[in-house]
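One structure is given below, encoded as structure tokens.
Computed from the coordinates by the stated procedures, all read-outs in this text should not be read as laboratory data. Predicted model, so just to flag it, every value in this text is computed and none were measured. Ideal geometry is used to build each Cβ from the backbone, glycine not excepted, and the neighbour counts take in all protein chains shown.
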Amino acid sequence: MELRTCFEFMASEWTDDTLLVTSAGHSSGTWWDVTRNTDRAFYLTASMSLSSMFAAGIAVGFPDRPVWAFSGDGAFVMNPGMLFVERRLNLPNLKHFMISNRCYGSTEEVDIPFARHADYAAIARGVGIARVFTFDNLDAFRQQFGEAVLTPGHTFIVLEVERLAREVRTAAFDGPELKFRFGRAIEKLTGRKIFTA
């Protein structure tokens, strides 16, 4: 499955009430390239596999809002223990998309050494996550999007994608600016105060 085409479809289904956290690398750069959104998307660069934990905090704080988290498989292998925390929290509004291109996209596509036998969905099931999906073609993802993404329940979704043919860069904003853009968007969306000054 081609990542940009996949993200174009996801962006078309991304509703105004859904918040999103990307991981470093291709998920961040491609989402920015497709949407140019810096309000409801937080581009967590140098995330070191913690994008789903960042998103989980948002999901706890705003249980009435869907929260999407992107992580790459390169990030995932740095800290698969995040799945134990996700399972413990079991947040019904958290959807964790693991973008699997079998390489470290942030470091010039270096191969993940054990990529051929890595079964990320099996790892998620092994820690007790009940809702686990794997998609390697866009037609199947489109057909099951409602069940996988729109149905309430903590969900881990593996998207098997091809390596990118060209380099993409993420939003050119520094951390504080992204923080304030995202926080202000949440304030506007929810009516709840994030910042005190």
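Run lengths n ≥ 4 of DSSP H only: what is the helix-derived mean residue ellipticity at 222 nm for the chain, with -39500 (n - 2.57) per run over all residues, to the nearest 500? So the helix-based figure for the chain works out to -11000 deg cm²/dmol.
Which residues make up the longest stretch of the chain clear of trypsin sites (Lys or Arg not before Pro) that lie in a DSSP loop with no more than 15 other Cβ atoms within 10 Å, not counting the sites? Maximal segment without exposed cleavage sites: 37-162.
Among 141, 76, 84, the residue with the largest mean-square fluctuation in a Gaussian network model of the chain, with springs joining Cα atoms closer than 10 Å, is 84.
Restricting attention to region 1-85, which GluC sites (Glu not before Pro) occupy a DSSP loop and are surrounded by at most 15 other Cβ atoms within 10 Å?
Numbers: sites: 2, 8, 13; in loops: 2.
Answer in residue order: 2.
Apply the membrane-span-like helix rule to the chain: whole DSSP H runs, Cα extent along the own long axis of at least 18 Å, mean Kyte-Doolittle hydropathy at least -0.5. List the helices found. Those that clear 18 Å and a mean of -0.5 are 175-190. Using a Förster radius of 25 Å, what is the FRET efficiency between residue 36 and residue 190 based on their Cβ-Cβ separation? Nearest 0.05, please. After rounding, the FRET efficiency stands at 0.65. Once volume of the Cα convex hull per residue in Å³ is calculated for the structure shown, the corresponding label among (i) 160; (ii) 110; (iii) 123 turns out to be (ii). Each Lys and Arg adds +1 at its Cβ and each Asp and Glu adds -1 at its Cβ; summed about the Cα centre, the chain shows a dipole of about 660 debye.
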